[in-house]
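What follows is a set of notes on a single structure, which appears directly below.
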Amino acid sequence: MQMSIVVLIISMLLFLVLFFGIGFILNMLLRMSWIMAIIYPIVAILIVDKVRFIEYFTNSKAAFGQLGHRFSSLATADILILVSGLAGAIVSGIVIKLLRKNGYQMF
């Protein structure tokens, strides 16, 4: 199924805002500026992969092989959407750093 350009842009914007907001809140509460940028790859794996999380420990070779296959078979639109989510997570860390540097102490 093909995705129109309007749906792609809206999806990218939603992922950017969603992960910026989640990252901003986590950064305020946990006082760790890059927490969402560290957690985001795990979230992306959980979004893309169909394997249960426990199988990465019980059947590692097959689970990671299937993960590599799933990532290599992603469409360009899916990659752009996931990258925009990562960008939102990174921008939230940058914004928190700038706010703390300028004297705003959140929680």
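Here are a few things to note about the model shown:
- Summed over qualifying helices (DSSP H, 4 residues or more, each -39500 (n - 2.57)) and divided by its residue number, the chain shows a 222 nm mean residue ellipticity of -26000 deg cm²/dmol.
- Working note: Karplus 6.51/-1.76/1.60 with θ = phi - 60° gives segment 54-59 the couplings 5, 5, 5, 9, 8, 9 Hz, where Gly and Pro are set to x.
- For segment 17-30, 3J(HN,Hα) per residue [Karplus equation, 6.51 cos²θ - 1.76 cosθ + 1.60, θ = phi - 60°, Hz, x = Gly/Pro]: 5, 4, 6, 5, x, 4, x, 5, 5, 5, 5, 5, 6, 9
- Counting every other Cβ atom within 10 Å of each residue's Cβ, Asp78, Asp49 order from fewest to most as Asp78, Asp49.
- The convex hull of the Cα atoms of the chain, projected and averaged over all directions, covers 8.0 nm².
- Spacing of the modelled spin labels on Arg31 and Arg70, each 7 Å from Cα toward Cβ, amounts to 3.7 nm.
Here, each number is a calculation from the coordinates, and none is a lab measurement. It should be emphasised that the depicted structure is a prediction, and the values quoted were computed from it without experimental measurement. FYI the Cβ positions are ideal-geometry reconstructions off the backbone, even for glycines, and counts take in every protein chain you see.
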